[in-house]
1. Where the Cα atoms of the stretch 35-151 are projected onto their three principal axes, how long is each span, largest first, in whole Å?
2. Arrange the residues I130, I157, I19 by how much accessible surface each exposes, largest first, with a 1.4 angstrom probe.
3. Could you sort out which of K55/K146; K44/K104; K104/K146; K57/K146; K44/K136; K59/K104 sit more than 30 Å apart by Cα distance in this structure?
4. How much accessible surface does Y190 have with a 1.4 Å probe, in Å² rounded to 10?
5. Please quote Rg/Rh for the stretch 49-108 to two decimal places, taking the Kirkwood radius as Rh and restricting both calculations to Cα atoms.
6. What are the radius of gyration and Dmax of the stretch 91-136, computed over its Cα atoms and given in Å?
7. Net charge near R148: determine it from the other residues with C-beta under 13 Å of the C-beta of R148, scoring Lys and Arg +1 and Asp and Glu -1.
8. List every residue whose amide H lies under 5 Å from the amide H of V121, counting only residues 5 or more places away in sequence or on a different chain, with H placed 1.01 Å from N in the peptide plane.
Amino acid sequence: MTKRTAAKYKIDRRMGENIWGRPKSPLNKREYGPGQHGQRRKNKLSDFGTQLRAKQKLKGYYGDLTEKQFRKIYAEAERVRGDTGEMLIGLLERRLDAVVYRAKFVPTVFAARQFVNHGHVLVNGKPVNIASYRVKEGDVVSVREKSRQMAAIAEAIALTERDVPDYLEVDHNKLTATFVRTPGLGDVPYPVQMEPNLVVEYYAKN
């Protein structure tokens, strides 16, 4: 098992939820946390614990971003007029690796980051290898010509566990995805409940 895959499964077990909806998640077999104390009865979380958990779950979902990266995105969301939680979701979904994942060019968000970093992606016809690059409405994300025969792409497209959301227009024959609009929480097909309002509460107190 790769270090990346091990980290992904560890996040699932730590959260106690199959946060990506993957059939291979260990939560499908055992619903307790990792480690020797994982099977102990869970105590009710405090308000702080609930807020922290919501933050860790959302942060983990997008490839286990670092706290510095996540707080920076939150700070940007806070500066924009409107609902901070909704703005946070919109900024996270505008990350290039998130768009590549949503378009089903790769099977996981971890694979999406690696896919972008290795130079397989173009934005409006120009190569971009920065996973955190922020796409704009109308931008066209595509797989470069030399990378289109990769077996992993065909496998990802064939996955039935998730669908392409309607804020993307995807052509799997041409391997292109147009970012139509910035989504809100209700538009994003999370397999589990995300609570950005609790993330806002967490940062407001810490």
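1. 52, 42, 20
2. Values: I130 90, I157 50, I19 0 Å².
The ranking, largest first, comes out as I130, I157, I19.
3. Values: K55/K146 38 Å; K44/K104 37 Å; K104/K146 18 Å; K57/K146 35 Å; K44/K136 41 Å; K59/K104 20 Å.
Going by Cα-Cα distance, K55/K146; K44/K104; K57/K146; K44/K136 fall outside the 30 Å limit.
4. That residue has around 30 Å² of solvent-accessible surface.
5. Working: Rg = 12.0 Å, Rh = 12.2 Å.
Taking Rh as the inverse mean 1/r over Cα pairs, Rg/Rh reads 0.99.
6. Spelled out, the Cα radius of gyration and Dmax of the stretch 91-136 are 9.1, 24 Å.
7. Working: positive: R144, K146, K174; negative: E145, D171.
Overall, the nearby charge balance is +1.
8. V128, R144
The values are calculated or read from the model by the stated rules, or taken from the named source; none is laboratory data. This one's a predicted model, so the numbers in the text were calculated from it and none came from an experiment. Note that each Cβ is placed from the backbone with ideal geometry, even for glycine, and that neighbours are counted across all protein chains shown. For accessibility, only protein heavy atoms count, side chains too; no ligands or nucleic acids. Shrake-Rupley method; radii C 1.70, N 1.55, O 1.52, S 1.80 Å.
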